[in-house]
Each structure stands twice: as structure tokens, then as C-alpha cells.
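The values are calculated or read from the model by the stated rules, or taken from the named source; none is laboratory data. These numbers come from a predicted model, not from an experiment. Ideal geometry is used to build each Cβ from the backbone, glycine not excepted, and the neighbour counts take in all protein chains shown. In case anyone asks, the SASA skips ligands and DNA or RNA and just uses the protein heavy atoms, side chains included. Shrake-Rupley method; radii C 1.70, N 1.55, O 1.52, S 1.80 Å.
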Amino acid sequence: MRLVRTLVVTSLAAVVLAMAAAPAGAQSAPTLVDVRAGRHPGFDRVVFEFRGAAVPRHRIGYVDQLVQDGSGEPVAVAGAADLEVVFHGVNAHDDDGTPTVGPRRFSTGLPAVKEVAQTGDFEAVVGYGIGIDRQRPIKVSTLSHPSRLVVDVATGGTGGPAGAGASSGELPFTGSHNTELLATALALMATGATVLALARRTRTV
């Protein structure tokens, strides 16, 4: 009976840990609800705000040509440099198809960031193009309450985005993976502890 009880408890614990380890997007896909841009001392800032979950996985980098998701048609934006922002596991519309972000394209009137345009919203992939006057160092960060992705584009001077350095190329996929890794590690630790406990009980019996 003790062995059966232990197995039942272990199974329940494994289910709970597996649910905790599941990607956030599988439980509740975030929704992009606002895109805005503003000027700050030393940098221009573009903010992507989300509803429903943490900032999703994203890729950011300069590209030779922005393209419309699905059709592959070129997308032109103001400025001499195109910065592409792509989110995975997110929507920019409600369940009935109503867009949650508007307008899809807007001019900013800022020193560096000239224009922002949506390039896609299909199958949980949302893309944006940011037109910049020239390739400049960028800094990418996230904020919470609400969840936001922040892209700071240096405009020069000592007030530029900290840590921007000289790198302005493509950045890797990033996002909220820390919780998933922690849950997975805890699940492995719990499994190991359970196996040891069962082995000791078996030897005792």
C-alpha cells in the first residue's frame, strides 16, 4: 500500500510540474495591444505592449529588405536602415479577427526612428519594421506590469542607451524562458528524489 500511495503521489506531482514547465504560449497566447514611439535624451524608444502573458519570443535585427508576411512583397519604410522585429506565439488581433493595434503604420517625427509599420499578423507570428535614418546601436529590454518589449535606438551623446556599444546587428531569439527552465529543473530533481526514495523503500521491504 505504501508503494502504491507513493506512486500515486509521484504521478500527481509529475503532472503538476509538467503543466508548470509548459511554455506560456501554450496556456495563454499574449496579444499585442499597443505600439508607440517616443524621444528621450540620447535615444529614440519604440515600445511593444502585450496583454495576457509575458513578452513572447522575439528576434530583432537589421535587414536589407522588409517583406510582408505571407505575400513576401517588399515593405518600404522611411529612413535608410530597416530594423525588423518578429514575435512568435503572439497575435495582434482578437478572436473575431478585430485588430488590437492601430494604426498598422505611423510616422514618428523622431530624430532616428522615422516610421513603424506592421509587416505581418498570421499564425501567431507578428512582424514589424522600424525605419531608421541610418544603422545605429540598439538596446533591447523588457518591462513588466504590463509586459513590454522596449527597443532603444541611440541618437548620440552620453545619454544613449546603456550597454548599446557598437553592435547594431541581429540579436538572437529572446523571451521568457527562465520560468520554464526552472520548472524543468525542479521536475528532474523531484523525479530523482522519488527514484531514490522508492529504491530505499524496496531495499527495506
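Observations, loosely collected:
- Heavy-atom SASA rank of F106, F122 (probe 1.4 Å, accessible area, largest first): F122, F106
- Calculated FRET efficiency for the pair D96/A76, C-beta based, R₀ 35 Å, to 0.05: 0.70
- Charge context of R148, other residues only, Cβ under 13 angstrom, K/R +1, D/E -1: 0
- Rg in Å to one decimal, and Dmax rounded to a whole Å, for region 47-147 via C-alpha atoms: 13.5, 39
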